[in-house]
Amino acid sequence: MSNFEEIYRTYSEDVYRFSRWLCGDPIEAEDIVSETFVRLWGSRDDLQVATLKAYLLTIARIVYVSRRRRSQRYEPLSDSPH
């Protein structure tokens, strides 16, 4: 992988804007960006610079969908009997 810091500087704003567009919440978007770059850091794949932005946005979308699914499992129960 090329210089991680350079990749972060180059693409973090794009990933943030995309994440913010997906979720609408700036704090959640920051969390998605963080998790996206953590997953990139742990990736063993050989990355191609020409596809890196698309790869990062795909990771961000997967993180967002995973967070949505996880949060749906923990919705509060209603107090009504039916």
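The values are calculated or read from the model by the stated rules, or taken from the named source; none is laboratory data. This is a predicted model, so every value here is computed, not measured. Methodologically, a virtual Cβ is constructed for each residue, glycine included, from the backbone with ideal geometry; neighbour enumeration extends over all protein chains shown. The accessibility values were calculated without ligands, DNA or RNA, using every heavy atom of the protein model including side chains. Shrake-Rupley method; radii C 1.70, N 1.55, O 1.52, S 1.80 Å.
Taking a cut-off of 21 Å, what percent of all Cα-Cα pairs in the chain are separated by more than that? Can you show the working numbers first?
Numbers: 1147 of 3321 pairs.
More than 21 Å apart: 35 percent of the Cα pairs in the chain.
Within 10 Å, Cβ to Cβ, of I59, how many net charges do the neighbouring residues add up to if Lys/Arg are +1 and Asp/Glu are -1?
Net of charged neighbours comes to +1.
Positive end of the charge dipole of the chain (Lys, Arg +1 and Asp, Glu -1 on Cβ, about the Cα centre): tell me which of W21, A60, Q72 has its Cα farthest that way.
Projecting each Cα onto the dipole axis, the largest value belongs to Q72.
Over the chain, give the accessible area per residue in Å² for a 1.4 Å probe, as an integer.
With the other protein chains kept in place, the chain gives 76 Å² per residue.
Given a 1.4 Å probe and every protein chain left where it sits, what share in percent of the accessible area of the stretch 1-50 is carbon and sulfur?
Details: 1730 of 3550 Å².
In the stretch 1-50, the share of accessible area belonging to carbon and sulfur is 49 percent.
What is the calculated FRET efficiency for E13 to S43, with r their C-beta to C-beta distance and R₀ = 30 Å, to the nearest 0.05?
E between E13 and S43, to the nearest 0.05, is 0.90.
Which value, in Å² rounded to 10, gives the accessible area of R20 with a 1.4 Å probe and all protein chains present?
100 Å²
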